[in-house]
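Read the structure below first, then the notes.
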Amino acid sequence: MQSGLYGNRGLTVGGGEGSFIFDSEGRRYIDFFCGHGSSLFGHAHPVLVNALKRAAEVPWSTGAGLIEKVRVEASEALMKFLPGFRVYWGNSGTEAIEAALKICALNRPGRARFLALRRSFHGRTAGALSLTFNPRYREPFSNLLFSAEHFRAEDLPGAIDERTSAVFIESVQGEGGVHLLSRGTGKAITDRCRETGALLVADEIQTGFGRCGSFLASLDLGIQPDVVCLSKGVAGGLPAGVTLWREELSDFLPNTQGSTAGGNPLVCAVALAALDLLEKERYPARATENGAYFRELIEEIDSPQIVEVRGIGLLTGVEVKVKAPVLVRKLQERGVLALAAGPLVVRFLPPFVAEKEQFLSTVRVFREVLEDL
């Protein structure tokens, strides 16, 4: 019997193309859920499919110590977007956070404080879970976790001191309700980290790789990171996590970090094709344009149930007065996939390839659902 670990939306996937998912009976859904944002390029993007087919005909995994050309090329392509950074490849966002914790510990020995934001979500492995704010994720495993400290964004600069090893920031808190860091607060956090020598880590797992209009949302919101964590859309939804840190920081010591499958040729080939698409198709610029258009349409809905519309690029949250999971379920019944971001926020994560027709249709369905309430 299948575990209930991942919940059950009552939808069995039969296929997908572009911005659409098809269920096993052939019904089509506008997919603004996109695997929690990992299908950033949509489904079955022909360029990524071709890259995957070519990569499947050569070794999928070669092991540590062997130079793999496509991994080198994918790393160099990443460094065009983030020059002056080293690159480590893992398999997921939470692994990227774990690697970031180790880099901070190696570079700030003797500093014991790790700071993060209230409402933050950084993952579910032990280190990442320590940084995650919501107690319901942490409490069952409290005996495994270290004591990270959580602050409101406006209070965080004053909490950073010379005992602080690192500050972990989601410049846009997706899981926490789609709250954007103000640019002034972001700059204050950056300045205080520079003054004290604390390392600044940008968790860009959901917001990075062009989703929010720039390669990193942090750079638009006042954060100048020393370490960056990426995942989700990096390889079009294949398992990939990347940790990057400034070259002037120390590298991992021998035997202190590794991954059997991280940076394997199959994933790196697709990641390389994805990075090429970002430039050729100008997807980050399209994300800015389409995201603004989408939020304007939502703001035109005349409903007392809507409290606020928030977001940046292709990450939009709508705060409502009713339970968000109820709205998400009713949207799905009418052919639109979305997700909740806390109890009272409906979150939309459209892919780069979404067209204006899909945004219009989604808003029409959202309006109908709200009217039915």
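Values computed for the structure shown
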{"item": "Selected residue (only one of 352, 366 is assigned to a helix (DSSP H, G or I) and either in contact (Cβ under 8 Å) with a residue 60 or more places away in the chain or of a type in the set (A, V, I, L, M, F, W, C) (or both))", "result": "366"}
{"item": "Scope segment 123-139; condition at pLDDT 95 or above and either closer than 30 Å to residue 187 by Cβ or assigned to a helix (DSSP H, G or I) (or both); matching residues", "result": "123, 126, 127, 128, 129, 130, 131, 132, 133"}
{"item": "Answer from 292, 354 - the residue that is of a type outside the set (D, E, K, R), modelled with pLDDT of 95 or more and within 17 Å of residue 36 (Cβ to Cβ)", "result": "354"}
{"item": "Single residue of 203, 191 found to be of a type in the set (D, E, K, R) and surrounded by 20 or more Cβ atoms within 10 Å (Cβ to Cβ)", "result": "203"}
{"item": "Filter pass, residue 279 being without any contact (Cβ under 8 Å) to a residue 12 or more places away in the chain, surrounded by fewer than 24 Cβ atoms within 10 Å (Cβ to Cβ) and either out of contact with any strand residue (DSSP E or B) (no Cβ under 7 Å at 6 or more places or on another chain) or assigned to a helix (DSSP H, G or I) (or both)", "result": "yes"}
{"item": "Close pairs (8 angstrom Cβ cut-off, 6 or more residues apart or separate chains): in contact (Cβ under 8 Å) with a residue 60 or more places away in the chain in segment 93-111, surrounded by 19 or more Cβ atoms within 10 Å (Cβ to Cβ) and basic (Lys, Arg) anywhere", "result": "93/232"}
{"item": "Out of 176, 186, sole residue that is under 16 Å from the mean Cα position of the chain (by Cα) and either in a helix (DSSP H, G or I) or touching a residue at least 12 places away in the same chain (Cβ under 8 Å) (or both)", "result": "176"}
{"item": "Looking only at segment 255-270, and only at residues there that are small (Gly, Ala, Ser) and over 9 Å from residue 71 (Cα atoms), the one that is surrounded by the fewest Cβ atoms within 10 Å (Cβ to Cβ)", "result": "258"}
{"item": "Residues (out of contact with any Asp or Glu (no Cβ under 8 Å at 6 or more places or on another chain) and modelled with pLDDT of 95 or more) located in segment 147-159", "result": "148, 149, 150, 151, 152, 153, 154, 155, 156, 158"}
{"item": "Neighbours by Cβ (under 9 Å, 6+ apart or cross-chain): first from segment 245-257, of a type in the set (A, V, I, L, M, F, W, C); second part of a loop (DSSP other than H, G, I, E, B)", "result": "245/225; 245/226; 245/251; 249/226; 252/258"}
{"item": "Residue that is farthest from residue 324 (Cα to Cα) [pool: residues in segment 131-152 that are touching a strand residue (DSSP E or B) at 6+ places or on another chain (Cβ under 6 Å) and not charged (D, E, K, R)]", "result": "148"}
{"item": "Count - residues of segment 282-317 that are crowded, with 20+ Cβ neighbours inside 10 Å, among the β-branched types (Val, Ile, Thr) and within 18 Å of the chain's Cα centre (by Cα)", "result": "2"}
{"item": "Some residue of segment 330-339 being charged (D, E, K, R) and either assigned to a helix (DSSP H, G or I) or closer than 30 Å to residue 50 by Cβ (or both)", "result": "yes"}
{"item": "Enumeration of residues in segment 209-239 that are part of a loop (DSSP other than H, G, I, E, B), out of contact with any Gly (no Cβ under 8 Å at 6 or more places or on another chain) and closer than 20 Å to residue 128 by Cα", "result": "225, 226, 239"}
{"item": "Cβ pairs under 6 Å, 6+ apart, first in segment 138-156 and under 23 Å from residue 193 (Cβ atoms) and assigned by TED's automatic domain parsing to the domain that holds residue 124, second modelled with pLDDT of 95 or more and assigned to a loop (DSSP other than H, G, I, E, B)", "result": "150/118; 150/133; 152/118; 153/181"}
{"item": "Hey, residue 94 of a type in the set (Ser, Thr, Tyr) and under 25 Å from residue 37 (Cα atoms) or not", "result": "yes"}
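Table: residues versus (1) without any contact (Cβ under 8 Å) to a residue 12 or more places away in the chain; (2) β-branched (Val, Ile, Thr); (3) within 23 Å of residue 333 (Cα to Cα); (4) in contact with an Asp or Glu (Cβ under 9 Å, 6 or more places away or on another chain).
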{"residue": "18", "(1), (2), (3), (4)": "no, no, yes, yes"}
{"residue": "27", "(1), (2), (3), (4)": "no, no, yes, no"}
{"residue": "32", "(1), (2), (3), (4)": "no, no, yes, no"}
{"residue": "43", "(1), (2), (3), (4)": "no, no, yes, yes"}
{"residue": "52", "(1), (2), (3), (4)": "no, no, no, no"}
{"residue": "57", "(1), (2), (3), (4)": "yes, no, no, no"}
{"residue": "67", "(1), (2), (3), (4)": "yes, yes, no, no"}
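The values are calculated or read from the model by the stated rules, or taken from the named source; none is laboratory data. The model shown is predicted, which means the values in this text are computed figures rather than measured ones. Neighbour counts run over all protein chains shown; Cβ positions are idealised from the backbone, glycine included.
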